[in-house]
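Here is the structure we will look at.
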Amino acid sequence: MDFLELVRSRWSVRDYDARPVEQEKVDRILEAGRLAPTGANRQPQRIYVLQSEEALAAVRAATRMAFNAPLVLMVCAKVDEAWHNQRETVMRGITCDTYNVAEMDASIVCDHMQLAATELGLGTLWVRGYNTQVLLDAFDLPEGVVPMCLLDVGYPSQEAKPSPMHASRKPIGETVVVW
């Protein structure tokens with residue numbers, strides 16, 4: 001599949017059937033995440049494969065956006081392993097001495113895994129709306145490992161369909177500036 005076709009075919013799935021995701025597909029998705037670029041190639045991501053009833057119940061306790069997915073990838077980052085820009089940076093008028101890219105790295109990893117899942121005929125939903133403390137308590141994460149996002153993965157149900165907003169995109173001239 002052409003890359004832009006792949007990107008266009010991905011949509012946020014909010015209704016999954018109960019069919020489990022085959023291990024070979026899980027492995028390919030995880031490999032796509034492993035190959036994702038990270039700041040200074042530090043690879044601070046830690047991905048938790050949540051598929052047991054107990055683990056999925058904990059996810060459902062943390063967010064309403066699990067949508068009965070049979071597999072949820074909890075993308076975390078070991079924050080102290082992530083690259084820090086040591087040069088002074090100004091962001092939104094705030095000067096800071098350092099910028100930690102852990103969340104950005106986790107997002108890139110998640111995006112690679114979403115596209116791999118789409119190529120394999122699976123649906124995904126990127127989730128950031130959850131109770132972090134519930135996840136920390138449920139999964140006893142090591143010190144410094146922080147959940148950055150969840151990725152629901154599974155086969156879309158027969159009733160699942162893209163949101164009406166899915167195809168709504170601003171014209172490229174509104175989002176790109178050429179100098």
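The values are calculated or read from the model by the stated rules, or taken from the named source; none is laboratory data. Because the structure is a prediction, the values reported are computed rather than measured. Heads up, the Cβs are rebuilt from the backbone with ideal geometry, glycines too, and the neighbour counts pull from every protein chain shown. In case anyone asks, the SASA skips ligands and DNA or RNA and just uses the protein heavy atoms, side chains included. Shrake-Rupley method; radii C 1.70, N 1.55, O 1.52, S 1.80 Å.
Descriptive notes on the structure:
- Pair residue 126, residue 80: separation of 7 Å Cα→Cβ label points (nm): 2.9
- The longest part of the chain holding none of the exposed loop trypsin sites (Lys or Arg not before Pro), meaning those outside H, G, I, E and B in DSSP with at most 12 other Cβ atoms within 10 Å, is 93-168.
- Calculated [θ] (222 nm, deg cm²/dmol) that DSSP helices of n ≥ 4 give over the chain, each run adding -39,500 (n - 2.57): -9500 deg cm²/dmol
- Accessible surface ranking that places the most exposed of 115, 150 first, with a 1.4 angstrom probe: 115, 150
- Qualifying GluC sites (Glu not before Pro) in the range 10-42, where qualification requires a DSSP coil assignment and no more than 13 other C-beta atoms within 10 Å, comprise 22.
- Within-10-Å neighbourhood charge of residue 63 [Cβ basis; K, R +1; D, E -1]: +2
- Kirkwood hydrodynamic radius over Cα pairs of the range 1-42, then Stokes diffusion coefficient at 4 °C and 1.567 mPa s, in µm²/s: 99
- Alpha-carbon Rg/Rh ratio, for the chain, with Rh computed the Kirkwood way: 0.99
- Contact order normalised by residue count of the chain, Cα under 8 Å, 6+ apart, percent: 34
- On a per residue basis, the range 33-179 carries 59 Å² of accessible surface, using protein heavy atoms and a 1.4 Å probe.
- Percent accessible area from carbon and sulfur atoms, the chain, protein chains only, probe 1.4 Å: 54
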